[in-house]
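The values are calculated or read from the model by the stated rules, or taken from the named source; none is laboratory data. These numbers come from a predicted model, not from an experiment. When we count neighbours, we look across all protein chains shown, and the Cβ atoms used for this are built from the backbone with ideal geometry, even at glycine. When the accessible area is computed, the model is the full protein with side chains, heavy atoms only, and any ligands, DNA or RNA have been set aside. Shrake-Rupley method; radii C 1.70, N 1.55, O 1.52, S 1.80 Å.
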Amino acid sequence: MKVLVVGTGAREHALVTALAADPDVDAVIAAPGNPGMALRAHCEPVDPLDPDAVSGLARRHGVDLVVIGPEAPLVAGVADAVRAAGIACYGPSAQAARLEGSKAFAKEVMATAEVPTGMGRLCTTLDEVRDALAAFGAPFVVKDDGLAAGKGVVVTDDLTEALDHAERCLAKPGGRIVVEEFLDGPEVSLFVVCDGTDVVPLTPAQDFKRVGDGDTGPNTGGMGAYSPLPWAPDHLADDLVARVAQPVVTEMARRGTPFVGTLFIGLALTSRGPRVIEFNARFGDPETQVVLARLLSPLGHLLYAAATGALQGHPRLRWREESAVTVVVAAEDYPGTPRTGDPIEGLADVEEVPTAYVLHAGTANGPDGTVLSSGGRVLSVVALGADLAEARGRAYDAVGRIRLDGSHHRSDIAARAVRGEVEVPS
Ligand code: AMP
Ligand code: GLY
């Protein structure tokens with residue numbers, strides 16, 4: 001099988017690596033890819049947001065399966081174009097991707113499918129926002145309704161800050177916001193592979209969205225992740241399939257917009273049980289890096305089955321017992337305007353750390369085989385260990401060998417879990 005992976009980040013590098021390891025996969029193409037992916041895949045400089053360019057590339061190379069990494073190509077209709085060209089595609093249609101693209105739409109589907117989620121109110125005026133904030137009380141949760149790359153949400157005790165954020169979002173053309181009740185309890189990311197009818201859950205992970213240690217500073221795309229979650233209840237994935245993923249997939253099919261791809265359930269484990277915070281229509285970054293590090297079952301086989309409506313009766317997935325941790329190395333000033341163009345050194349030294357490896361995100365080839373930083377999140381460093389403590393120690397050992405001027409990373413990824421400090425409130 002020949003597979004085309006669309007995207008440029010460390011998530012896509014992880015997908016390429018896992019696909020290339022599947023004995024049924026003979027070749028992987030990445031569009032546009034990055035220098036890390038180029039070691040395992042043939043990279044093609046195609047605009048991932050251009051539906052015709054991506055489907056044309058898939059046809060030219062005679063690929064059997066297209067896997068779409070990020071949300072933007074999905075919303076742009078790349079999956080629709082690929083399917084229209086008669087090629088199997090892992091990734092939802094633009095219609096189905098609205099589960100991620102519109103928080104209001106997601107809330108509506110959750111209500112119909114009776115999925116447990118926080119209470120929320122859709123607002124289009126500042127007066128409505130004031131009312132909703134007063135009704136729910138602090139801490140205030142204010143969300144931009146549209147796509148904002150994980151940066152559209154403000155959670156704050158400060159009413160002025162909540163109102164300022166609402167005002168900024170409402171000022172955009174067609175601006176709408178959702179005000180929500182605050183959900184207390186640790187967050188979980190669960191990816192569920194969907195074929196439009198049937199679903200197969202992956203293993204839960206946790207990510208770290210804020211830029212600074214101790215969950216301080218602005219939100220980012222994600223600064224690190226770990227899996228498994230030693231503090232989570234047993235059977236969490238099966239429970240979430242029964243209460244969330246299957247009802248949503250059934251509802252999307254009933255609406256005539258079947259969901260094919262990854263249903264990413266972002267939830268909080270609150271004292272009143274799991275509550276969905278958001279859906280994404282794709283794999284999460286950096287959670288994918290740790291989830292795929294632990295996957296033993298062949299990924300190409302799984303995603304092809306999902307893309308062709310053949311998940312029913314799929315064998316249960318097999319997972320490594322080991323734990324995985326990833327730490328994101330970010331460029332100076334990320335998540336603001338990151339500094340780029342700096343040489344990255346020490347990449348080869350990572351190989352001296354057992355199990356550790358580097359996935360590329362914002363990198364580019366420089367002169368004479370050097371690798372340069374070219375984006376906000378530059379690298380995702382992954383390691384395995386017999387337990388979380390060992391995986392974490394190795395990941396940080398590896399990060400310490402990498403030199404990139406001005407770069408920063410969180411130093412507390414998985415630290416509270418290792419110390420046994422993460423608890424589901426009772
Ligand atoms: P979202 O873009 O909806 O995933 O929100 C980004 C982050 O904001 C989440 O990962 C949470 O940390 C936080 N968040 C969102 N909604 C809530 C909520 N209702 N209660 C508490 N925290 C929230
Ligand atoms: N790590 C969260 C996301 O991919 O949105």
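Give the shape of region 10-63 as rounded, prolate or oblate, defined through the alpha-carbon gyration tensor: a ≥ b ≥ c are the square roots of its eigenvalues, a/c under 1.5 means rounded, and otherwise the shape is prolate if a/b is larger than b/c and oblate if not. Oblate.
Please give the FRET efficiency for residue 134 paired with residue 337, using the beta carbon to beta carbon distance and R0 = 45 Å, rounded to the nearest 0.05. Present the calculation step by step, with values, prior to reporting the outcome.
Values: r = 36 Å, r/R0 = 0.80.
With a Förster radius of 45 Å, E is 0.80.
Among 399-406, 292-299, the peptide with the highest mean count of other Cβ atoms within 10 Å heads the list, and the full ranking is 292-299, 399-406. Remark: spin-label model distance residue 172-residue 2 equals 3.8 nm, labels positioned 7 Å along the Cα→Cβ axis.
GNM on the chain, alpha-carbon springs under 10 angstrom: the most fluctuating residue among 206, 312, 95 is 312.
Compared with the alpha-carbon gap, the fully stretched path from residue 50 to residue 365 is longer by 111.0 nm at 0.36 nm per residue.
For the chain, rounded, prolate or oblate, judged on the Cα gyration tensor with a ≥ b ≥ c (square roots of eigenvalues), a/c < 1.5 rounded, else prolate if a/b > b/c? It comes out rounded by the Cα gyration axes. Relative to one another, the C-alpha centroids of region 376-413 and region 21-37 are positioned 24 Å apart.
Distance between the modelled labels on residue 308 and residue 416, one decimal in nanometres: 4.4 nm (7 Å Cα→Cβ projection).
Which FRET efficiency, nearest 0.05, do residue 85 and residue 125 yield, Cβ-Cβ r, R0 51 Å?
Once the sixth-power term is evaluated, E becomes 0.70.
Close Lys pairs in the chain, defined as Cα atoms under 18 Å apart and 8 or more places apart or on different chains, number 9.
Subtracting the Cα-Cα distance of residue 348 and residue 386 from 0.36 nm times their residue separation leaves 11.3 nm of extension gain. Once the C-beta distance of residue 320 and residue 215 is scaled by a Förster radius of 25 Å, the resulting FRET efficiency is 0.35 to the nearest 0.05.
Taking a point 7 Å out from the Cα of residue 61 in the direction of its Cβ, the residues of region 291-309 whose backbone N falls within less than 20 Å of it are 299-308.
Placing +1 on the Cβ of every Lys and Arg and -1 on the Cβ of every Asp and Glu, with nothing else charged, gives the chain a dipole about its Cα centre of roughly 740 debye. What a 1.4 Å probe finds exposed on the chain is 49% carbon and sulfur by accessible area, rounded to a whole percent.
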